[in-house]
Amino acid sequence: MPDINELQDFATQVRRDILRQVHKVNSGHPGGSLGCTEFFTALYQEVMDHNTSFNMDGKEEDLFFLSNGHISPVFYSVLARSGYFPVEELNTFRLIDSRLQGHPTTHEGLPGIRIASGSLGQGMSVALGAAQTKKLNNDDHIVYSLHGDGELQEGQNWEAIMYAAGNKIDNIISTVDLNGQQIDGSTETVLPLGNLKAKFEAFGWDVMEIEDGNDLQQVIDGLKEAKSRTGKGKPVCILMNTVMGNGVDFMMHTHAWHGKAPNDEQLETGLAQNPETLGDY
Amino acid sequence: MKEYKNTGSKDTRSGFGAGLTELGKTNENVVALCADLTGSLKMDDFKANHPERFFQVGIAEANMIGMAAGMTIGGKIPFTGTFANFSTGRVYDQIRQSVAYSGKNVKICASHAGVTLGEDGATHQILEDLGLMKMLPGMTVINTCDYNQTKAATLAIAEHDGPVYLRFGRPKVANFTPEDQKFEIGKALKLYEGTDVTIIATGHLVWEAIQAAVELNEKGISAEVIDIHTIKPLDENAIIESAKKTGCVVTAEEHNFLGGLGESVARTLAENHPTPQEFVATKDTFGESGTPAQLMDKYGLNAAAIVKASEKVLKRK
């Protein structure tokens, strides 16, 4: 198991990868990716029991589904640096003929991806299906999913949330990235989400919070705590507070960098704030 | 002329139910999901015999499709069941992204397609579903004509690796195809050899096409009748060969002429052997309340309409 400093280095390198991927093609979504860097690092480097020699069926291992597919840069970086595919392939992000499509897809056969996502609101249903199959297969591994907070405006989530509790799907941990931002502004101004904790609880979920989702230790502890709550008759929800654009000062606390790439100068500034640790691709 | 006998009218959805029941016994990977229409979809037997493999999702079709996609991960073969309208139009994006684009082995099984749903009216009578589904890359699209064929198709799609849309209907219709048939996806069935006109029909219109061929024969017109249960992939060779022989084509379907079987046939012929064609289909309209027979008559979806279209297209040769 890597120690916390090694994991911090991993996260720093992932932030560099995010900035460089998006900068190279002048497109992509750095803000949400940076905000979830600690989550992905904790999940793939510390928490999940997963197999990097990828098999779509994923039997006898934990599974992860990304519902808010636009934060693909962080997903790709962490998959590559965890060993799913060569790190150099990050060079092909969003380019023609690449397996690293703008939004993640199984279509090009990229190892580590089990469902296409991008059109929002579908990931929890998919995760539930996979969790249900794990139960049928007597496979006691966990299914993780990640969702944007703005994404919860999609009604399909609430169908899934209702199903999960009603059918005691207790081998799923769904994390909501609470960064309070979406394309048109804050979630509060676009469409207020209200009290999400109360909402999930009212639907019958076991809800916990991670106060600072950009504190790696807190995320690790939170995910492990969530894992200990599985198998008890309730689906588990983590409300994870993050800062969009975390780790790059001028990208933080704004929705401006939701889907915007840094220019050359901005890239240098961002990279200077995240010095190379594991080696750039 | 060969006589096709109705061995006793049955609904095609019961063929689906019977197929699913059999799959429950023979294929342990088959799971079924239903959105509060278990009885309508004839899924009760499967549910009763395999409660652990039956998933009632409630009135939540989007979640049902997403869950089905997820259930394939780990080796299950999910069959979803609801009305055709709620199986397609309501969940198009879910099918597009989570099933078709993701290449998931989901079988979307849709009952109550077309106007023969009857009295519930246009809100429930989808006439656009074949078009919606055939436009999705990688989607296999099947529209069966009777009980026996629907049962055989249900068994066959479980063996096919990839997303499938299986469309069937509500009313009792003639059951005339063989009980022990082997269903080959993508293979057209020639019901009558003919020389003057080719009638290519799918779903409930196949029986009507048989009646039309008999009537045309009495008028001295030799009609070739093709049952094209698979809209996609289309048996293009069967269509081209028949069109070359007869020189004119009538397509017949319980669907809008925009986006349906007729347009697929027209494209095939335009590319390979341009041929005059008439369309027995609804003409860019919604349905309405009525009995199935009244609606088939009003919207020109029966043997009489096929005869009329055949006589018309013959003059265009």
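The values are calculated or read from the model by the stated rules, or taken from the named source; none is laboratory data. From a predicted model like this one, the values you see are computed outputs, not experimental measurements. Reconstructed Cβ throughout: ideal geometry from the backbone, glycine too, with neighbour counts over all protein chains shown. Surface areas here come from the heavy atoms of the whole protein model, side chains and all, with no ligands, DNA or RNA. Shrake-Rupley method; radii C 1.70, N 1.55, O 1.52, S 1.80 Å.
So here's what we get for this one:
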read-out	value
Which listed residue, of A:ASP206, A:ASP212, is within 18 Å of A:ASP149 (Cβ to Cβ), open to solvent by less than 70 Å² (accessible area, probe 1.4 Å) and among the acidic types (Asp, Glu)	A:ASP212
The range A:156-169, subset over 20 Å from the mean Cα position of the chain (by Cα) and facing chain B (nearest Cβ under 9 Å), residue least open to solvent (accessible area, probe 1.4 Å)	A:TYR163
Conditions (1) in contact with a helix residue (DSSP H, G or I) (Cβ under 9 Å, 6 or more places away or on another chain); (2) within 14 Å of another protein chain (Cβ to nearest Cβ); (3) of a type outside the set (Phe, Trp, Tyr); (4) not in a loop (DSSP other than H, G, I, E, B): number failed by A:THR175	(2)
Filter result for A:GLY32 (open to solvent by less than 40 Å² (accessible area, probe 1.4 Å) and within 14 Å of another protein chain (Cβ to nearest Cβ))	no
Test: A:GLY31 is small (Gly, Ala, Ser), within 13 Å of the chain's Cα centre (by Cα) and farther than 21 Å from A:PRO111 by Cβ	yes
The range A:119-138: number of residues that are outside any helix (DSSP H, G or I) and at the interface with another protein chain (Cβ under 7 Å from one of its Cβ atoms)	3
Complete set of residues in the range B:83-112 that are closer than 22 Å to A:GLN132 by Cα, more than 10 Å from chain A (Cβ to nearest Cβ) and surrounded by fewer than 24 Cβ atoms within 10 Å (Cβ to Cβ)	B:ASN105
Failed item, numbered, when B:GLY186 is tested on (1) on the phi < 0 side of the Ramachandran plot; (2) open to solvent by 10 Å² or more (accessible area, probe 1.4 Å)	(1)
Qualifying residue in the range A:78-88 (condition: closer than 23 Å to B:VAL31 by Cβ and surrounded by 24 or more Cβ atoms within 10 Å (Cβ to Cβ))	no
Residues of the range A:233-281 classified as part of a helix (DSSP H, G or I), aliphatic (A, V, I, L, M) and without any contact (Cβ under 8 Å) to a residue 24 or more places away in the chain, total	1
Residue within the range B:126-142 that is among the polar types (S, T, N, Q) and surrounded by 24 or more Cβ atoms within 10 Å (Cβ to Cβ) present	no
Flag for B:ASP93 being over 15 Å from A:SER125 (Cβ atoms), modelled with pLDDT of 95 or more and part of a helix (DSSP H, G or I)	no
Of all residues in the range B:26-82 being hydroxyl-bearing (Ser, Thr, Tyr) and within 12 Å of chain A (Cβ to nearest Cβ), the one that is nearest to A:GLU61 (Cα to Cα)	B:THR72
Criterion: assigned to a loop (DSSP other than H, G, I, E, B), of a type in the set (A, V, I, L, M, F, W, C) and farther than 14 Å from B:VAL141 by Cα - qualifying residue of B:LEU269, B:LEU258	B:LEU258
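To keep it simple, each residue is scored yes or no on (1) more than 17 Å from A:SER27 (Cβ to Cβ); (2) open to solvent by less than 10 Å² (accessible area, probe 1.4 Å).
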residue	(1), (2)
A:MET56	yes, no
A:LEU90	no, yes
A:ALA116	yes, yes
A:ALA131	yes, yes
A:ASP149	yes, yes
